[in-house]
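Just so it is clear, none of the values below were taken in a lab; they were calculated from the coordinates. Only a predicted model underlies this, so the values are computations on that prediction, with no experimental measurement involved. Positions of Cβ are backbone-derived with ideal geometry, glycine not excepted, and every protein chain shown enters the neighbour counts.
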Amino acid sequence: MHRSSVVPPRYRVPVLPVLTTVPQSATEPVTDRLVLSRPQAHDIDAIWQIHSDPETNKHNPTVPIRTRHQAADRLSWFTAHWDEFGFGYWSVRLRDPQRPENNGPGEPIGFAGLRWSRWAGRNVVNLYYRLTPAVWGCGLASEAARASVALWHEYLSDHPLVARTTPDNVGSQRTALAAGFERRPDLDRTTALGRDIVLALGWKPTP
């Protein structure tokens, strides 16, 4: 068993009851600037590079990926969710509007998307986004987040959508707000890894 950083404890999903699945034909969208697709074996190097980069881990309370083997484990974690539920975290690539037949052939610029999780005692859909620093500041993370929100609205909105981050990660908070999330201080929690602050959509009081 590798270190828990391969599957961070804050993102682990406990045994859940039967949850919604999504038709895979609906889960690989193309946006104005991005091609979003299920991660494949050839994405391992990008998983390693992006998830081991000190800049992308500046606000990460867990230990970064340190080896290519750990990147392969992370890919297995990504694909297991896809296999079970028909959706998950995407590989994010830049779209070429001038040559649509070549859209998405390059290396991923990051990873983003949705997965089942638990928060505050409820089944929730977790939003994730992590892009290479080379494309920060261009609104691409918000674009991927909006595509995630659209998928949630279409298929998964019976459950809340949450974005968790740390108090000092202002950029991540701005990304979620730009995608339409609401800040929910009442859902903030302190765990063994530190303080999680929460932005959410569709969080309704329990009956």
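Its alpha carbons give the stretch 24-158 an Rg and a Dmax of 14.5, 47 Å. For Cα pairs less than 8 Å apart in space and 6+ apart in sequence, what is the mean separation divided by the residue count of the stretch 121-165, i.e. the relative contact order in percent? The value is 65 percent.
Label positions at Q49 and T20, each projected 7 Å from the Cα along the C-beta direction, are separated by 3.5 nm. Provide the FRET efficiency to the nearest 0.05 for the Q40-C138 pair, computing r from the beta carbons and using R0 = 22 Å. That pair, Q40 with C138, gives E of 0.35.
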